[in-house]
Amino acid sequence: MTADRRGGFEPAALRRWIPAAVAAVLVVGAGAMFIARELVSPPPPDAPPRAADDSVRFRDAAAGFSIEQPAGWRRVASPDPEVRLLAEGDGSSMQVRMGELGLEIGPEQLDAAQKITDELVRAAGPTKRLRPPRQVALGGLPGYLYLYTFRDADTGEEGAHAHYFLFRGEKLITIVFQTVSAERLAMLAPLFDRVGETLRVTPG
């Protein structure tokens, strides 16, 4: 089981979902535990260890970011050049992808940009959202977090994604945490949150 690879997008096609004008500047939601906040209260006693206690940092100088991954997870090569990191372990995985949008999106355009993220989730195939998407800020980047379930094509099991869409100027960074079965998302949510918190982007 590997991270979902269906997150591609065509910049030219996506431009039609950005309105010509955006009415207001939105306040990006703050706080660290984006995934676990509504899934785990309190965190289960068998939750995985903190990422900082047993993790390795992946650095991508060309893409201008770094992020930690659980040390026991193995990195998997992807034929897609937009996939900068793909790692899996313990029935779960994470994928970091970076692509060009062809237009700049910041906090002022975030409300309109949800039309892009909604369409990308729909394009990935049938899903069931666990709750409405939420505005977040991760690594200083504005974006959205989607939590949804899907049917794994290989096993037929129901899996779950915690799917971040983060905007950095004209670039879109997506981070997908995946687990099969879907019931494991609540247990893994604290780990996924802590890994997400380690995202760092370089200036420029």
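The values are calculated or read from the model by the stated rules, or taken from the named source; none is laboratory data. All values derive from a computational prediction rather than experimental measurement. Heads up, the Cβs are rebuilt from the backbone with ideal geometry, glycines too, and the neighbour counts pull from every protein chain shown.
Observations
- Among (1) modelled with pLDDT under 95; (2) of a type in the set (Val, Ile, Thr); (3) within 23 Å of Asp60 (Cβ to Cβ) - the single one Thr155 does not satisfy: (3)
- Residue selected from segment 164-179 under the condition crowded, with 22+ Cβ neighbours inside 10 Å and more than 20 Å from Ser66 (Cβ to Cβ), by the criterion nearest to the chain's Cα centre (by Cα): Gln178
- Only one of the numbered conditions (1) farther than 18 Å from Phe192 by Cα; (2) touching a residue at least 60 places away in the same chain (Cβ under 8 Å); (3) surrounded by fewer than 22 Cβ atoms within 10 Å (Cβ to Cβ) is violated by Gln114, and that is (2).
- Residues that are in a loop (DSSP other than H, G, I, E, B) and over 30 Å from Glu157 (Cα atoms), drawn from segment 58-112: Ala61, Ala62, Ala63, Gly64, Gly106
- Residue check, Ala189 on the phi < 0 side of the Ramachandran plot, surrounded by 17 or more Cβ atoms within 10 Å (Cβ to Cβ) and part of a strand (DSSP E or B): no
- Residue match in segment 71-79 (condition: over 23 Å from Ser181 (Cα atoms), surrounded by 14 or more Cβ atoms within 10 Å (Cβ to Cβ) and of a type in the set (Val, Ile, Thr)): no
- Of all residues in segment 117-141, those being within 15 Å of the chain's Cα centre (by Cα) and at pLDDT below 90 number 1.
- Index of the failed condition, Ala182 passing every other in (1) without any contact (Cβ under 8 Å) to a residue 40 or more places away in the chain; (2) surrounded by 22 or more Cβ atoms within 10 Å (Cβ to Cβ): (2)
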